[in-house]
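Here it is: the structure, laid out below.
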Amino acid sequence: SLQNGLLVAIVVIFLMLAANFQSFKVSAIVLATVPAVLLGSLALLMICGSTLNLQSYMGMIMSVGVSISNAVLLITNAEQIRRHNGNALLAAREAAALRMRPILMTALAMVVGMVPMASGIGEAGDQSSPLGRAVIGGLVASTFAALFILPLVFAWGQKKTSTQSVSLDPDDQESRHYIPLKAEKNAP
């Protein structure tokens, strides 16, 4: 049932991101780090000889959450830069350079915090170690994916996208649906 929980979590995150970015394409770009999380978690579990169990699935779900927050941080910045300069590749490069430190700090703090749990030392260490190992493997792989692969996916996906706002809000001055107020029309 945790496999279904992971899938439901990813679908719900996708829908929330689509509402936030007002774009299904940008939401799918953010989710491009999820396969890296799953592969990294499974790889470290296999290297350490751990099995897939309740703890390791919980670790994967935690890693997905941190990975998506890092991806949102990068993509939000890249999208703002792209709207100003119109070039998706340059925007992705600049956003990756600007957001490298926060992404590395978040991932490193989580990885270092999980090292004692992943080592399996102490009472019930063998039972809780898969959680730490899944988190560490997922975050290492997703951090690499967020800093190097995600900017390329963003540049490819947003290459031909317009810089005009997609908002339907008539008060948004960047929207094509903007309706100026009468006071603004009569202003000198």
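Of the numbered conditions (1) open to solvent by 40 Å² or more (accessible area, probe 1.4 Å); (2) more than 30 Å from R133 (Cβ to Cβ), I81 fails exactly one; give the number of that condition.
(1)
Also: S63 - would you say it is open to solvent by less than 50 Å² (accessible area, probe 1.4 Å) and either assigned to a loop (DSSP other than H, G, I, E, B) or among the polar types (S, T, N, Q) (or both)?
yes
While we're on this one: Could you list, in sequence order, the residues of the range 108-127 that are closer than 16 Å to S56 by Cα, open to solvent by 60 Å² or more (accessible area, probe 1.4 Å) and under 23 Å from the mean Cα position of the chain (by Cα)?
Passing the criteria: only V115.
Can you pull out the residues in the range 36-60 that are in contact (Cβ under 8 Å) with a residue 12 or more places away in the chain and of a type outside the set (A, V, I, L, M, F, W, C)?
Matches in the range 36-60: G40, S41, S50, T51, N53, Q55, S56, Y57, G59.
So, in the range 84-97, exactly how many residues are open to solvent by 50 Å² or more (accessible area, probe 1.4 Å) and outside any helix (DSSP H, G or I)?
Selection size over the range 84-97: 1.
Something else now. Working carefully through the options M105, M58, M100, find the one that is at pLDDT below 90, in a helix (DSSP H, G or I), of a type outside the set (V, I, T) and open to solvent by 60 Å² or more (accessible area, probe 1.4 Å).
None of the other options fit; the residue is M58.
If you scan the range 34-55, which residues turn out to be open to solvent by 50 Å² or more (accessible area, probe 1.4 Å) and of a type in the set (S, T, Y)?
Across the range 34-55, the qualifying residue is only T51.
So, one more: Give me the residue from the range 22-33 that is in contact with a Ser or Thr (Cβ under 9 Å, 6 or more places away or on another chain) and either open to solvent by 30 Å² or more (accessible area, probe 1.4 Å) or outside any helix (DSSP H, G or I) (or both) and, out of that set, modelled with the highest pLDDT.
Going through the qualifying residues, I end up with K25.
The values are calculated or read from the model by the stated rules, or taken from the named source; none is laboratory data. Here the structure is a predicted model, which means the values were calculated and not measured. Note: ideal-geometry Cβ built from the backbone for every residue, glycine included; neighbour counts use all protein chains shown. What goes into the accessible areas is simple: the full protein's heavy atoms, side chains included, and nothing from ligands, DNA or RNA. Shrake-Rupley method; radii C 1.70, N 1.55, O 1.52, S 1.80 Å.
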